[in-house]
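The values are calculated or read from the model by the stated rules, or taken from the named source; none is laboratory data. These numbers were taken from a predicted model, which means no experiment stands behind them. When we count neighbours, we look across all protein chains shown, and the Cβ atoms used for this are built from the backbone with ideal geometry, even at glycine. When the accessible area is computed, the model is the full protein with side chains, heavy atoms only, and any ligands, DNA or RNA have been set aside. Shrake-Rupley method; radii C 1.70, N 1.55, O 1.52, S 1.80 Å.
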Amino acid sequence: MKRNESIRKVMTSQLTTAHTAMPVSQARQLLEQNSFHHLPVVSGDELVGMISALDMTRVDLTGWGTDRRSLDAALDAQFSIEDLMTKEVETLPVGATVKQAALLLSEGRFHSVPVVDDKGRLVGLVTTTDLVRFLADQF
């Protein structure tokens, strides 16, 4: 088993991100259209948070109807990305190993972890799915 393999082997480096000035509805649409579960939130190229599909479901939009336009209008009127995102994000350094990522994600507190360089710039994202695929390739 290649547990000391570089995190670069499994991380996604071509990322779609949200930024702090983005309307919440646009982040929701990115999550939905791309079948993502997590979006790193950046300010410039610095990671400042994560927003997930689950974060979107925690919002009470009772009374705004069920069509997408009404829900998006309600999201944008009531919330910003910064209101909904997780600000205290666990990260891995770019020099981490697959084993380190597996240990962190196996704690079950979240299902993706951003990979950052020594200046806090986002360079990748590792998900539990990435690790399962890596494991499957070993057999």
Can you compute the FRET efficiency between Q138 and S35 using 1/(1 + (r/R0)^6), with r the Cβ-Cβ distance and R0 = 30 Å? Round to the nearest 0.05. 0.75
Taking R0 as 22 Å and r as the Cβ-Cβ distance between D45 and T12, the FRET efficiency 1/(1 + (r/R0)^6), rounded to the nearest 0.05, comes to 0.85
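Output the antiparallel fraction of DSSP beta bridges having both residues in the chain, as a percent to the nearest 5.
Rounded to the nearest five, the antiparallel share is 80 percent.
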Accessible area of T86, 1.4 Å probe, to the nearest 10 Å²? 60
So I have [x] 7.6; [y] 8.3; [z] 8.9, and one of them is mean projected area of the Cα convex hull in nm² calculated from this model. Which one is it? [z]
Pop a pseudo-label 7 angstrom from the Cα along the beta-carbon direction at both N4 and D67 and give the gap in nm to one decimal. 6.1
What dipole magnitude, in Debye to the nearest 20, does the chain give about its Cα centre under +1 on Lys/Arg Cβ and -1 on Asp/Glu Cβ? 500
How much of the accessible area of region 5-103, in percent, comes from carbon and sulfur atoms when a 1.4 Å probe is used? 47
What distance in nm separates the simple spin-label points at H19 and D117, each placed 7 Å from Cα in the Cβ direction? 1.8
Exactly which trypsin sites (Lys or Arg not before Pro) in region 76-139 are in a DSSP loop and have at most 10 other Cβ atoms within 10 Å? K87, R109, K119
